[in-house]
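Undergrad: Mind looking over this structure? Questions follow.
The values are calculated or read from the model by the stated rules, or taken from the named source; none is laboratory data. This structure is a prediction, so every number in the text was calculated from the model and none was measured. Here the Cβ positions follow ideal geometry from the backbone for every residue, glycine too, while neighbour counts run over all protein chains shown. SASA here: full protein model, heavy atoms, side chains in, ligands and nucleic acids out. Shrake-Rupley method; radii C 1.70, N 1.55, O 1.52, S 1.80 Å.
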Amino acid sequence: MQEKIDQYTAEINAFSPANADELEAFRIKFLGTKGLIKDLFEEFKTVGPEEKRVFGKVLNQFKQMAEAKYAELKEGLDSGLKTQDLGLDLTLPGDGFEVGSRHPLSLVRNEIIDIFKRLGFVVAEGPEIEDDWHNFSALNFPQEHPARDMQDTFFIRKGDGSDDIALRTHTSSVQVRMMESGKPPFRAIMPGRVYRNEAISARAHCFFHQVEGLYVDENVSFSDLKQTLFHFVQELYGEGTKVRFRPSYFPFTEPSAEMDISCTICKGDGCNMCKYTGWVEILGCGMVDPNVLENCGIDSKKYTGFAFGMGIERITNLKYVIRDLRLFSENDVRFLKQFQTDII
Ligand code: PHE
């Protein structure tokens, strides 16, 4: 009997369950109604009075030891061991919870949209794969006109050899779609991705993002254009930002202009962002050419309009002093996570 008790004691002491099933098997084996300890007590009944005296105490101690061990293991399993099964140790410090941040281009796009929304502009969108009419012809780019070279286009050649489908080079195509399918007045902005066949460098990319705007109504004048864009830059870059308009050329606007603002980095003193001129160009604009209105079925005697277009990357560079366009599409988390988080 002593031998058995010794052997069971060693077994119980060495026992370490990996899960609840093993612990239950342990309980049944030793403490169950048909378990080994029960057997020992049965055996105890058959021994002589001399042995009873010796083993009575030993057997009871052994039983208590086995019950205590079971209780201790069960408690361990209920708390810590269970989580070890899952590969977790709840006593370790937790992993940080990383909240994503919005892409800087999305932040700036949303800001631009908000400013124009307050002025009553709605948001319009259109396809990135466009036909020649919407990207060029309706916008007063005649066939074979050198102005088409201003925007290095990715054409999509169809099976029959024709290539009047292209990746849109600007979101002005959305202006055409809007004017064709509705009636004036129009007051909308068109954010979206555009494509141009340029070698990728710090200053150029084969795709970028634009926000263009269109306002068509009776009696819209160049002074409306100037005031709208002046207000826009005060909101975006702060009160006191200066603007200047330089004559320019776009096939779809007449007159056309480019708008500069006082350099947001040096406030006009001169720095390498503005090439020491104190001014940086941020957008193209002009009065919608009457031919464009007519192409879209709008009476150019009755209606006039202005349009403008800007690259979101450029606006963002000036806002956050980013000098390499490639950062926007490389998705380097060290770059992206520097921007304000407004998601939660
Ligand atoms: N579509 C022009 C561009 O992509 C920008 C522009 C829009 C200019 C509207 C004038 C008026 O460069």
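Undergrad: Quote to one decimal, in nm, the extra length available between ASN291 and ILE156 on full extension: 0.36 nm per residue of separation minus the C-alpha distance between them.
TA: My answer for the length gained is 45.9 nm.
Undergrad: So, R0 is 22 Å and r is the distance between the beta-carbons of PHE207 and ASN110; what FRET efficiency does that work out to, to 0.05?
TA: Efficiency computed from Cβ-Cβ geometry: 0.70.
Undergrad: Give the lysines reachable from LYS34 as a straight Cα distance under 17 Å; neighbours fewer than 8 places away on the same chain don't count.
TA: Partners within reach: LYS4, LYS45, LYS63.
Undergrad: Something else now. LYS45 to ASP217: extension gain in nm, 0.36 nm per residue of separation minus the Cα-Cα distance? Show your work: numbers first, answer last.
TA: On the way: separation 172, 0.36 × 172 = 61.92 nm, distance 10.95 nm.
Taking LYS45 through ASP217 to full extension adds about 51.0 nm, to one decimal.
Undergrad: Using the Kirkwood radius built from alpha carbon pairs, what does the Stokes-Einstein equation give as D for region 2-86 at 10 °C and 1.306 mPa s, in µm² per second?
TA: Stokes-Einstein gives a translational diffusion coefficient of 115 µm²/s.
Undergrad: Give me the compactness ratio for region 158-298, meaning the Cα radius of gyration over 2.2 N^0.38 Å.
TA: Its radius of gyration relative to the 2.2 N^0.38 Å reference: 1.20.
Undergrad: So what is the accessible area of the chain per residue, in Å², with the probe set to 1.4 Å?
TA: Value returned for the chain: 56 Å² of accessible area per residue.
Undergrad: Any lysines with Cα under 22 Å of the LYS302 Cα? List them, leaving off those in the same chain fewer than 8 positions away.
TA: Cα-Cα hits under 22 Å: LYS183, LYS226.
Undergrad: Got a number for carbon plus sulfur as a percent of the chain's accessible area, 1.4 Å probe?
TA: 51 percent
Undergrad: Running a GNM on the chain with Cα contacts under 10 Å, which residue among PHE121, PHE62, PHE232 ends up with the highest mean-square fluctuation?
TA: Comparing PHE121, PHE62, PHE232 in the GNM, the peak value goes to PHE62.
Undergrad: Kindly provide the trypsin sites (Lys or Arg not before Pro) of region 1-70 that DSSP labels as loop, not H, G, I, E or B, and whose Cβ sees at most 13 other Cβ atoms within 10 Å.
TA: Within region 1-70, the qualifying trypsin sites (Lys or Arg not before Pro) (loop, at most 13 other Cβ atoms within 10 Å) are LYS34.
Undergrad: If I fit a long axis through the Cα atoms of helix 2-14 and take the longest principal axis of the Cα atoms of the chain, what angle between them do I get, 0 to 90°, rounded to 10?
TA: For helix 2-14, the angle is close to 10 degrees.
Undergrad: Related question: For labels at ASN60 and PHE230 in the simple 7 Å Cα→Cβ model, what's the distance in nm?
TA: Roughly 10.3 nm, to one decimal.
Undergrad: Once a ≥ b ≥ c are taken as the square roots of the eigenvalues of the Cα gyration tensor of region 155-241, is the result rounded (a/c under 1.5), prolate (a/b larger than b/c) or oblate (a/b not larger than b/c)?
TA: Cα axes put region 155-241 in the oblate bin.
Undergrad: Which residue fluctuates the most in the chain, going by a Gaussian network model with Cα springs under 10 Å, if the choices are LEU318, LEU77, LEU214?
TA: LEU77
Undergrad: Something else: Using Cα centres only, tell me the gap between region 1-64 and region 298-332 in whole Å.
TA: 83 Å
Undergrad: Based on DSSP H runs of at least 4 residues, each adding -39500 (n - 2.57), what is the mean residue ellipticity at 222 nm of the chain after dividing by all its residues, to the nearest 500 deg cm²/dmol?
TA: After summing the helix terms and dividing by residue count, I get -12000 deg cm²/dmol.
Undergrad: Can you give me the angle between helix 36-46 and the longest principal axis of the chain, using Cα atoms only, in degrees from 0 to 90, rounded to the nearest 10?
TA: Tilt relative to the chain: about 10 degrees.
Undergrad: Taking all protein chains together and a probe of 1.4 Å, list GLU218, GLU239 from the most accessible to the least accessible.
TA: Working: GLU218 90, GLU239 160 Å².
The residues order as GLU239, GLU218, largest area first.
Undergrad: Now a separate question. Over the Cα atoms of the chain, how large are the radius of gyration and the largest Cα-Cα distance (Dmax), in Å?
TA: 39.0, 127
Undergrad: Note the angle between two axes, namely the Cα long axis of helix 222-237 and the longest principal axis of the Cα atoms of the chain, as a number of degrees from 0 to 90, rounded to the nearest 10.
TA: Orientation of helix 222-237: about 30 degrees from the principal axis.
Undergrad: Normalised by the number of residues in the chain, what is the relative contact order in percent for Cα pairs under 8 Å and 6+ residues apart?
TA: About 16 percent, as a whole number.
Undergrad: Shape of region 255-344 from its Cα gyration tensor (a ≥ b ≥ c, root eigenvalues): rounded if a/c is under 1.5, otherwise prolate when a/b > b/c, or oblate?
TA: Verdict is oblate for region 255-344.
Undergrad: Oh, and also: State the antiparallel share, in %, of DSSP beta bridges confined to region 106-342, rounding to the nearest 5. Let's see the in-between values first.
TA: Details: 43 of 45 bridges.
Of the beta bridges lying entirely in region 106-342, close to 95 percent run antiparallel.
Undergrad: Roll a 1.4 Å probe over the protein heavy atoms and report the accessible area of MET310 in Å², nearest 10.
TA: Looks like 0 Å² after rounding.
Undergrad: How much accessible surface does PHE230 have with a 1.4 Å probe, in Å² rounded to 10?
TA: Answer for PHE230: close to 80 Å² accessible.
Undergrad: Turning to a different aspect of this structure: Could you list the trypsin sites (Lys or Arg not before Pro) in region 126-191 that lie in coil according to DSSP, counting only those with at most 14 other Cβ atoms within 10 Å of their Cβ?
TA: Passing both the DSSP loop test and the Cβ count: ARG157, LYS158.
Undergrad: Here is a further query. Please work out how much length the chain gains when fully extended from LYS74 to ARG246, using 0.36 nm per residue of separation minus the C-alpha to C-alpha distance, in nm with one decimal.
TA: On the way: separation 172, 0.36 × 172 = 61.92 nm, distance 8.22 nm.
Answer, rounded to one decimal: 53.7 nm.
Undergrad: Might you work out the accessible area of HIS134 for me, using a 1.4 Å probe with all protein chains in place, and round it to the nearest 10 Å²?
TA: Counting only protein heavy atoms, the figure is 20 Å².
Undergrad: DSSP loop trypsin sites (Lys or Arg not before Pro) in region 213-313 with at most 16 other Cβ atoms within 10 Å of their Cβ, which ones?
TA: Values: sites: LYS226, LYS242, ARG244, LYS267, LYS275, LYS301, LYS302; in loops: LYS242, LYS267, LYS275, LYS301, LYS302.
Sparse-neighbourhood loop trypsin sites (Lys or Arg not before Pro): LYS242, LYS267, LYS275, LYS301, LYS302.
Undergrad: Which three semi-axes in whole Å describe the equivalent ellipsoid of region 45-175, each the square root of 5 times a Cα gyration tensor eigenvalue, listed largest first?
TA: Details: eigenvalues 1497, 88, 24 Å².
Sorted largest first and rounded, they come to 87, 21, 11 Å.
Undergrad: Now for a separate question. Considering the chain, which cysteines have no disulfide-compatible partner, defined as another cysteine with its Cβ under 4.7 Å away?
TA: CYS206, CYS285, CYS296
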